[in-house]
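J.: Please find one structure pasted underneath; my questions will follow.
We did not get these values from a lab; they are worked out from the coordinates using the rules stated. All values derive from a computational prediction rather than experimental measurement. Don't worry about glycine lacking a Cβ; one is built from the backbone with ideal geometry, like all the others, and counts go over all protein chains shown.
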Amino acid sequence: MPEFYYQIKGRLPDDQLGMGAFNSNWEWPPLFSDKVEAPNKKAAKLLIEEEYGRQFPLRVLTKDLKNHAFLLSISEILPEDDVMRRRFAFLDCKECTARFRIIDKFNNPAERDTGPDFCSQSCAEEGRLRRIKDYDLVCSGKLPAVIYLIRQLSTGKCYVGQTIRPITLRWWQHLTYPSESKFHQVIKSTPLTDWQFQALETIALPDDHPNKAAYINDRERHWILHFDCIANGYNTVLPSGAASAEPELEFDLPEP
Ligand SMILES: [Zn+2]
């Protein structure tokens, strides 16, 4: 059955009418956002009004503003609308690992963070600080990047990766947050005892190397080729020199 996203907006105070976003008469963000399942938009509206025990207009003429404190907007959630679907998905906070939904942050007037990475503004601030700190540590050589090898004992096939976190954490992440990659699919379908985890190289960054991430990628590429991890292993791509091929490396700093 189709799903419909809806928002209930509140009218701005009299002295602020027409001063909302795009000269709107309505508060932003909306008072409440959620979704309902219904065969069509009309049925969705009825369901929402049933839930709230009152009627909501879908549009209000300026001359009728004083008679309406609320405005309802409803739109069908299309199957390919991943942004909308993610609002309702349960996500893991990258800082405290708590589960959260973006939609619940939308509906919390005290919450300022609405992104997909963190459960709250405080975790977002902590997380960004920590990422900058980790990056600083890596750049200053205090927390060196490590190239690691994961070998499947029964087949001899290998996976090579890089991390700036403690490598045991990276191993744990491979097991705990498997993706759809061929490597993670095999990990999920085989016993843990079939795997060996090893640090291959602690990266010593040359002083004043123009692109540190590229240097680490070069070392990773060297080991991927050495262990034939693409043709006969579990890596899917060679990391490029300039940009990291693996988003999990977290060399992408937030915009200042
Ligand atoms: Zn959190």
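J.: How large is the dipole of the chain about the Cα centre if only Lys and Arg carry +1 and Asp and Glu carry -1, each at its Cβ, rounded to the nearest 20 debye?
T.: That gives the chain a dipole magnitude of about 360 debye.
J.: Would you kindly give the portion of the calculated P(r) for segment 3-79 that falls above 20 Å, as a percent of all Cα pairs?
T.: Numbers: 947 of 2926 pairs.
In whole percent, the share of Cα-Cα pairs in segment 3-79 beyond 20 Å is 32.
J.: Quickly estimate the mean residue ellipticity at 222 nm for the chain, helices only: each DSSP H run with n ≥ 4 gives -39500 (n - 2.57), and the total goes over all residues, rounded to 500.
T.: -9000 deg cm²/dmol
J.: Here's another thing I want to ask about it. Relative contact order, percent, of the chain when contacts are C-alpha pairs under 8 Å separated by at least 6 residues?
T.: 13
J.: Using DSSP loop states and a limit of at most 10 other Cβ atoms within 10 Å to flag trypsin sites (Lys or Arg not before Pro), what is the longest stretch of the chain containing no flagged site?
T.: Values: sites that count: Arg54, Arg59, Lys142.
In short, 143-256.
J.: Which entries of Lys133/Lys182; Lys45/Lys66; Lys105/Lys188; Lys45/Lys105; Lys66/Lys105; Lys94/Lys133 show an alpha-carbon separation above 27 angstrom in the structure shown?
T.: Over 27 Å Cα-Cα: Lys133/Lys182; Lys105/Lys188; Lys66/Lys105.
J.: Remind me, relative contact order of segment 144-249 in percent, using alpha carbon pairs under 8 angstrom and six or more residues apart?
T.: On the way: 150 pairs, mean separation 36.5, N = 106.
Computed over segment 144-249, the figure is 34 percent.
J.: If you don't mind, another one. Hey, got the Cα dimensions of the chain along the principal axes, in Å, largest first?
T.: 73, 42, 27
J.: Could you give the longest part of the chain that holds none of the GluC sites (Glu not before Pro) found in DSSP loops with at most 11 neighbouring Cβ atoms within 10 Å? Please list the in-between numbers first.
T.: Working: sites that count: Glu80, Glu180.
Between exposed loop sites, the widest span is 81-179.
J.: Mind checking the dipole of segment 144-249: about its Cα centre, +1 per Lys or Arg Cβ, -1 per Asp or Glu Cβ, Debye to the nearest 20?
T.: 280
J.: What list of ³J(HN,Hα) values in whole Hz, one per residue of segment 215-227 in order, does the Karplus curve 6.51 cos²θ - 1.76 cosθ + 1.60 (θ = phi - 60°) give from phi, with Gly and Pro shown as x?
T.: 5, 4, 4, 4, 5, 4, 4, 4, 6, 4, 5, 4, 9
J.: Principal axis lengths of segment 144-249 from Cα atoms, whole Å, largest first?
T.: Result, largest extent first: 44, 27, 22 Å.
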